[in-house]
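So the structure is just underneath, and the comments pick up after that.
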2 protein chains.
Amino acid sequence: MVYHRKKLKAELLNTAYRLCETNGSEQLSLRVLAAEVGVSHTAVYRHFKNKNDLLTAIKTEGFDRLGSVLQVNYAGLTATQAMDEFVLAAANYVQFGLENRQIYALMFSQSDVGLNNKDLADQRQRAFNCLITGVAKNFELDSPKQCLNKSYQIWASVHGLVDILCHHNPDDEIQSNVDWIINNLTTYLVETSFNKPTYGA
Amino acid sequence: MVYHRKKLKAELLNTAYRLCETNGSEQLSLRVLAAEVGVSHTAVYRHFKNKNDLLTAIKTEGFDRLGSVLQVNYAGLTATQAMDEFVLAAANYVQFGLENRQIYALMFSQSDVGLNNKDLADQRQRAFNCLITGVAKNFELDSPKQCLNKSYQIWASVHGLVDILCHHNPDDEIQSNVDWIINNLTTYLVETSFNKPTYGA
DNA sequence: CGCAAAATGTTACCGCTGTAAACATCAAGT
DNA sequence: ACTTGATGTTTACAGCGGTAACATTTTGCG
């Protein structure tokens, strides 16, 4: 029985994050988590209201890390440099999704995990703002509304790509195509999203 | 105690499908399902190997229904008609996703439900073939590989759209944009996917 | 310092879940 | 008519999330 471990909350969160990425968030068990960390299973309730609350924290952590990966400072960049950075950020998005499949799945699952949670909403918005900033910088759009629409369009395209790549069986014949898409993400983005929108005026 | 109900399996599947769409597949309980149908909870095991097997059947049913919604017979259609039908099929896809959110989420969840299940793989392939056929009919592509790439691109774009529409909070300011996108799906598709690919030769 | 209060851990218990095993009954074929 | 397989029931069990009561440690205030 070890008491006074100040950093138990962080330790629980980190271990839970790892367990989720390993086995999928649906397989997470508070008792297994507690055993892994070396405390009784009810100790979790001193730091998280319930299991949903813990999953919300994991989800929020996911958006936090995703946001970090997307951050670009466009100030002082030429148009070409800005576009390069934008494409790089998109590639980072895809890479994050592929390297954190289970967490990514949790982040975009339709479960009620984190419903109406402010921290989560903030982190999600922060990540999305990276995209909006990039769109505003790289596309000549007539209105904020067009910018928002374009951002959603790009997000949907890249998110759909990640989702389908995550699903595909490596044994499939499409593997070569998948490899091509990842290695030529710029071309892919140009074909799916890098055109001037005609809607959302 | 009622015995020999020949159609119990179908009844279980239908009820389970409905319960999943109502409460989300994660909330499905075999005991609640059995009670709803009016049998003991272990009766389910006479027709499904376990809970995962039942969920696999629900998922397969989802792809079956999605496939039906996507089916288009392009034989004898003019180019314009074929394109109209193709866009309509895409709209049907989006509509299916929005009207069957929970089932759609299950269908594209990354859980191990139905992993390596042949029936499921077949139904999924059947649905995807509808898309491939439409792409082959409506795009002048140089190779089957290009056709496959284009199909994945369109799928990713539309799937991403559905996923994000399902997630978005109706109170958000983006609602008006969402409405626009749905009502003008043709324009959306043109901007995201209806261009000639330059890759995948 | 010393002691009360708050924070943080544990143990015991509850109801629910999926699943296996043993048993009962119905349906069908010889 | 009797056996056999399919189908449903009862019982039992281990694991889960969660609550309540209790123990210990840390903290803050006189």
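The values are calculated or read from the model by the stated rules, or taken from the named source; none is laboratory data. Everything numeric in this text was worked out from a predicted model, so none of it was measured. Here the Cβ positions follow ideal geometry from the backbone for every residue, glycine too, while neighbour counts run over all protein chains shown.
Being loosely packed, with under 14 Cβ neighbours inside 10 Å and either away from every other protein chain (no Cβ under 14 Å) or not in a helix (DSSP H, G or I) (or both) narrows it down to one residue among B:95, B:123, B:81; which is it?
Values: B:95 fails: loosely packed, with under 14 Cβ neighbours inside 10 Å; B:123 fails: loosely packed, with under 14 Cβ neighbours inside 10 Å.
The unique qualifying residue is B:81.
Is there a residue being surrounded by fewer than 18 Cβ atoms within 10 Å (Cβ to Cβ), near DNA strand D (Cβ under 10 Å from one of its atoms), part of a helix (DSSP H, G or I) and within 14 Å of chain B (Cβ to nearest Cβ) anywhere in the stretch A:32-42?
No, the stretch A:32-42 contains no residue that is surrounded by fewer than 18 Cβ atoms within 10 Å (Cβ to Cβ), near DNA strand D (Cβ under 10 Å from one of its atoms), part of a helix (DSSP H, G or I) and within 14 Å of chain B (Cβ to nearest Cβ).
Which of the residues that make up the stretch A:168-201 are surrounded by fewer than 15 Cβ atoms within 10 Å (Cβ to Cβ) and either assigned to a helix (DSSP H, G or I) or modelled with pLDDT under 70 (or both)?
Result: A:169, A:170, A:171, A:172, A:173, A:175, A:176, A:179, A:183, A:196, A:198, A:201.
Among the listed residues B:24, B:62, identify the single one that is at pLDDT 95 or above and on the phi > 0 side of the Ramachandran plot. I'd like the intermediate steps shown before the answer.
Working: B:62 fails: on the phi > 0 side of the Ramachandran plot.
It is B:24.
Of these, B:75, B:57, B:89, B:79, which one is within 16 Å of DNA strand D (Cβ to nearest atom), of a type in the set (A, V, I, L, M) and either under 30 Å from residue B:136 (Cβ atoms) or at pLDDT 95 or above (or both)?
B:57
Yes/no matrix, rows are residues, columns are (1) more than 16 Å from DNA strand C (Cβ to nearest atom); (2) in contact (Cβ under 8 Å) with a residue 24 or more places away in the chain:
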{"residue": "A:54", "(1), (2)": "no, yes"}
{"residue": "A:66", "(1), (2)": "yes, yes"}
{"residue": "A:78", "(1), (2)": "yes, no"}
{"residue": "A:92", "(1), (2)": "yes, no"}
{"residue": "A:98", "(1), (2)": "yes, yes"}
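Say we look at the stretch A:1-31 and pick out the residues that are near DNA strand C (Cβ under 10 Å from one of its atoms) and out of contact with any helix residue (DSSP H, G or I) (no Cβ under 8 Å at 6 or more places or on another chain); which of these is nearest to the other protein chains (Cβ to nearest Cβ)? If you could, list the steps in order and put the result at the bottom.
First pass over the stretch A:1-31, keeping only residues near DNA strand C (Cβ under 10 Å from one of its atoms): A:1-9, A:11-12, A:31.
Among the residues that remain, those that are also out of contact with any helix residue (DSSP H, G or I) (no Cβ under 8 Å at 6 or more places or on another chain) are: A:1-4, A:6-7, A:9.
Numbers: A:1: 35, A:2: 35, A:3: 36, A:4: 37, A:6: 34, A:7: 31, A:9: 26 Å.
The residue in question is A:9.
Report yes if some residue within the stretch A:128-146 is hydroxyl-bearing (Ser, Thr, Tyr), more than 17 Å from the chain's Cα centre (by Cα) and at pLDDT below 70; otherwise report no.
no
Residues of the stretch B:1-31 being surrounded by fewer than 13 Cβ atoms within 10 Å (Cβ to Cβ) and more than 13 Å from DNA strand D (Cβ to nearest atom), which ones?
B:22
Can you pull out the residues in the stretch A:1-21 that are among the charged types (D, E, K, R) and at pLDDT 95 or above?
A:9, A:11, A:18, A:21 - these are the residues of the stretch A:1-21 that are among the charged types (D, E, K, R) and at pLDDT 95 or above.
Within the stretch A:32-52, can you find the residues that are within 11 Å of DNA strand C (Cβ to nearest atom) and of a type in the set (S, T, N, Q)?
Kept after step one, since they are within 11 Å of DNA strand C (Cβ to nearest atom), are these residues of the stretch A:32-52: A:34-35, A:37-48.
Passing the criteria: A:40, A:42.
Among A:46, A:101, which is the only one that is of a type in the set (Lys, Arg), closer than 23 Å to residue A:120 by Cβ and away from DNA strand D (no atom under 16 Å from the Cβ)? Reasoning before the result, please.
Details: A:46 fails: away from DNA strand D (no atom under 16 Å from the Cβ).
Unique residue meeting the criteria: A:101.
Identify, by number, the condition in (1) touching a helix residue (DSSP H, G or I) at 6+ places or on another chain (Cβ under 7 Å); (2) within 23 Å of residue A:167 (Cα to Cα); (3) not hydroxyl-bearing (Ser, Thr, Tyr) that residue A:57 doesn't meet.
If we test residue A:57 against (1) touching a helix residue (DSSP H, G or I) at 6+ places or on another chain (Cβ under 7 Å); (2) within 23 Å of residue A:167 (Cα to Cα); (3) not hydroxyl-bearing (Ser, Thr, Tyr), just (2) comes out false.
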